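> Would you mind keeping the following structure in view while I ask a few things?
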Amino acid sequence: MTAVVCIGSISNIKALWESRIKKHQEELKAESCRRGRGSLGEISDIWESRIQLSKLKEKVYNEEGRLILRIEKEEWKTLPACLVKLPQLQEWQLHRTGLTTIPTFINNFNDLLVLDLSRNVISKIPREIGRLTKLRELLLSYNRITEVPAEISGCENLERLELAVNKDISELPAQLSKLTQLTHLDLNMNQFSTIPEAVLELPALEWLDIGSNKLKTLPQDIDKMQNLHTLWLQRNEISQLPESIRCLQNLSTLVLSNNRMRMIPVYLQSLQNLRFVNFRDNPLELEVSLPPSKDEEDEERELFGLQFMHAYIQESRNAGILDMEDLKML
């Protein structure tokens, strides 16, 4: 039997085959373009990272053998991941950069001694910061922090902690008391209603500013802070002081301006090392004036200082208006 070839069928098959080949070629071309764009994107990211790293290296200074990253008044809302290629940095000083976050890769900087990120818009302290065991100074004043993580206790060599003017911090974790080397603590202008227990337990604390908060009283066990030599309590709502404050025998500076003190307790005279006090802008019941001084630059007299305190207590005795606690001290 003679084979019959259907020309129309062969043409249709050929057309279909060619169509499939064309479609496949187009798909290959499209895939190639996508890969090309991906490669270009990767190359672009690599170059961008190199550019950022180059810019950061320009901000690194060697001062007395210490490598410092210093950026002032430049916009760096976030820090690029390429920064981890500079693990030898010992200080970060970034001020007024608009920085919004502390990167979680901060724990890669094992040699960091000073982390100064004050005057930015940081709202959170990452838990990873607790791995910086060599850190000595953590300066985060003038930010927007609301909470201090317990992990900060891991910074076992921390000597200075500044959290002033964050405005919304009202508590500190109990673990903070583990910072056995901490000598300087600034909590000025926040929302504390009392001195946190963790602060009272800090064994080495020498300098405390908790002014411009909402303190009405001081804790009875304030005498735990035996190494304290400077205490700033300005702009609070304190009306009286606990008798236990007389046990702070290392106290040399006590600032109580802009409070609600009506009397100056006699037991403050027990503070033998007290050199500077300030009672300005308190509603004190007695008007006490000091005799003219030969020294026109006597700041203690002008600032309601030490001489004023002694004169006021003496005048209180003379007027017979000492309270019962004061009478016990006589």
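The values are calculated or read from the model by the stated rules, or taken from the named source; none is laboratory data. Small disclaimer: the values here were computed from a predicted structure and weren't measured. Because the Cβ atoms are built from the backbone with ideal geometry, glycine has one as well, and the counts that use them run over all protein chains shown. Side chains included, ligands, DNA and RNA excluded: accessible areas come from the protein's heavy atoms. Shrake-Rupley method; radii C 1.70, N 1.55, O 1.52, S 1.80 Å.
> Residues that are out of contact with any Ser or Thr (no Cβ under 8 Å at 6 or more places or on another chain) and within 20 Å of residue 138 (Cβ to Cβ): which strands (runs of 3 or more DSSP E) entirely in region 60-99 hold 2 or more of them?
Strands (runs of 3 or more DSSP E) meeting the threshold: 66-72, 91-95.
> Which residues, counting only those in region 256-265, are surrounded by fewer than 22 Cβ atoms within 10 Å (Cβ to Cβ) and over 32 Å from the mean Cα position of the chain (by Cα)?
Passing the criteria: 262, 263.
> Consider residue 94 against the criteria (1) touching a strand residue (DSSP E or B) at 6+ places or on another chain (Cβ under 7 Å); (2) touching a residue at least 24 places away in the same chain (Cβ under 8 Å); (3) within 25 Å of residue 192 (Cβ to Cβ): it satisfies all of them except one. Which criterion is unmet?
Of (1) touching a strand residue (DSSP E or B) at 6+ places or on another chain (Cβ under 7 Å); (2) touching a residue at least 24 places away in the same chain (Cβ under 8 Å); (3) within 25 Å of residue 192 (Cβ to Cβ), only one is false for residue 94: (3).
> Can you give me the number of residues within region 153-208 that are assigned to a strand (DSSP E or B) and either touching a residue at least 40 places away in the same chain (Cβ under 8 Å) or hydroxyl-bearing (Ser, Thr, Tyr) (or both)?
Of the residues in that region, 2 qualify.
> Would you mind telling me which numbered condition in (1) surrounded by fewer than 17 Cβ atoms within 10 Å (Cβ to Cβ); (2) in contact (Cβ under 8 Å) with a residue 24 or more places away in the chain residue 55 fails?
Every listed condition holds for residue 55 apart from (2).
> Within region 209-234, take every residue that is within 18 Å of residue 164 (Cβ to Cβ) and touching a residue at least 40 places away in the same chain (Cβ under 8 Å) and give me the one that is least open to solvent (accessible area, probe 1.4 Å).
Step by step, filter region 209-234, then rank; the result is 211.
> Report yes if residue 256 is modelled with pLDDT of 95 or more and closer than 30 Å to residue 196 by Cβ, otherwise no.
Yes: the conditions hold for residue 256.
> What are the residues in region 247-269 that are touching a helix residue (DSSP H, G or I) at 6+ places or on another chain (Cβ under 9 Å) and in contact (Cβ under 8 Å) with a residue 40 or more places away in the chain, if any?
263, 264, 265, 266, 267, 268, 269
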